[in-house]
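The values are calculated or read from the model by the stated rules, or taken from the named source; none is laboratory data. Small disclaimer: the values here were computed from a predicted structure and weren't measured. Glycine gets a Cβ as well: all are built from the backbone with ideal geometry, and neighbour counts include every protein chain shown.
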Amino acid sequence: MKKFSFTINGNGYDCEIKNIEDNVAEVEVNGVSYSVEFDRVLETTKTPKLVRTEAVPSTDITRSEQKTSSPAGPKGSGFIKSPLPGTIVDLHIKVGDNVKAGDKLLTLEAMKMENIINSDKTGTIVKINYKKGDTVMEGDILIEVG
């Protein structure tokens, strides 16, 4: 469990607490085991468990479900944003192309890895804000789908 080293009157001691149950601890001092009884019940501290929410990528390689748009807005319209900072390596579409949810739009290089950015909307490419070789930041609007 825990190890301690200390010196008493010039003598060195290596102490290891092996186990604690209620008010009895099994202790080993310089290789000799001892059972130590305390006058009260000892409480062992618990290590807190780290709980993280499930990470959901904003773009998937497989075709994803189309996200809902506002009732008043034109269906399929919206923006494709950069999920992380990087450099645009290749554009797989041009203005005027019709795309469906899951179609490959561009390749983004980030941290020496190529990431395929897929469409999560169905519609027509209205505007491409960056060209091949441009550097983008996370959240930048890459493509407008109308």
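Below are the figures for this structure:
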read-out: Lys67 vs. criteria at pLDDT 55 or above, among the charged types (D, E, K, R), in a loop (DSSP other than H, G, I, E, B) and under 18 Å from Glu144 (Cβ atoms); value: no
read-out: Answer residue from segment 119-146, given it is of a type in the set (A, V, I, L, M) and without any contact (Cβ under 8 Å) to a residue 60 or more places away in the chain and is surrounded by the fewest Cβ atoms within 10 Å (Cβ to Cβ) among those; value: Met137
read-out: Qualifying positions in segment 86-118 - of a type in the set (Asp, Glu) and not in a strand (DSSP E or B); value: Asp97, Asp103
read-out: Options Leu42, Leu105; residue that is out of contact with any Phe, Trp or Tyr (no Cβ under 6 Å at 6 or more places or on another chain) and at pLDDT below 90; value: Leu42
read-out: Selection from segment 101-126 of residues that are in contact with a Gly (Cβ under 9 Å, 6 or more places away or on another chain) and of a type in the set (Val, Ile, Thr); value: Thr122, Thr124, Ile125, Val126
